[in-house]
Amino acid sequence: MQNQHSALDIVQDAMMRLAEKYGDKPAAELPPLFQRILQNTIRDYYRREKARNAWLTLFSSFTPKNEDEDYDPLDNLENSENQAVPAMPDESLQQRQIMALIERALVKLPARQREAFLLRYWENLDTTETAAAMGCSEGSVKTHCSRAVHALAASLKAEGVELP
């Protein structure tokens, strides 16, 4: 793992899951359980990053050429609440068109897929938090998110927006 802060977060999450779910187990059983939980947490992290990077790549077309790395295109898109002024009229038009395509594609998703996608990728909740908010299992969240991402990508591709 290249990011030390993310690595520490992953270990902490794995320790919390171990304590929450297996705190009543004998100490001798904890090391293999922790190892499995840690492996799954790492896999979840990389899956989430892969999906998030696909969406960030799509949104990178909104980033002005001279902007710093902390620029968040979702904070600066022009809408009814946020009257941020884009650099150029053609960029503004492109932003509005792509956001309209994404919004239309989101509306077409089944409610549970849309909910899972928005909680995970736009609200940045982890799988456990999303599962708690939706009242379902973490596996269901992962399934809903995967199906939503594939459906959105297919919808955007059909509209001529290519994801890398």
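The values are calculated or read from the model by the stated rules, or taken from the named source; none is laboratory data. All figures in this text were calculated on a predicted structure; none of them were measured in a lab. Note that each Cβ is placed from the backbone with ideal geometry, even for glycine, and that neighbours are counted across all protein chains shown. Calculation scope for accessible area: heavy atoms of the full protein, side chains included, ligands and nucleic acids excluded. Shrake-Rupley method; radii C 1.70, N 1.55, O 1.52, S 1.80 Å.
Computed quantities for the displayed model
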| read-out | value |
| --- | --- |
| Odd one out for Thr57, checked against (1) surrounded by 14 or more Cβ atoms within 10 Å (Cβ to Cβ); (2) modelled with pLDDT under 75 | (1) |
| Residue in region 152-164 that is farthest from Ala51 (Cα to Cα), counting only those that are open to solvent by 40 Å² or more (accessible area, probe 1.4 Å), assigned to a helix (DSSP H, G or I) and among the aliphatic types (A, V, I, L, M) | Ala158 |
| Region 111-127, subset of a type outside the set (A, V, I, L, M, F, W, C) and touching a residue at least 24 places away in the same chain (Cβ under 8 Å), residue nearest to Asp9 (Cα to Cα) | Asp126 |
| Every residue from region 109-142 that is open to solvent by 60 Å² or more (accessible area, probe 1.4 Å), in a helix (DSSP H, G or I) and not basic (Lys, Arg) | Ala111, Glu115, Trp122, Glu129, Ala132, Ala133 |
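One line per residue, one yes/no per condition, for (1) in contact with a Phe, Trp or Tyr (Cβ under 8 Å, 6 or more places away or on another chain); (2) at pLDDT below 85; (3) open to solvent by less than 70 Å² (accessible area, probe 1.4 Å); (4) assigned to a helix (DSSP H, G or I):
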position: Ile37; (1), (2), (3), (4): no, no, yes, yes
position: Arg48; (1), (2), (3), (4): no, yes, yes, yes
position: Pro64; (1), (2), (3), (4): yes, yes, yes, no
position: Asp68; (1), (2), (3), (4): no, yes, no, no
position: Leu74; (1), (2), (3), (4): yes, yes, yes, yes
position: Pro86; (1), (2), (3), (4): no, yes, yes, no
position: Leu106; (1), (2), (3), (4): yes, no, yes, yes
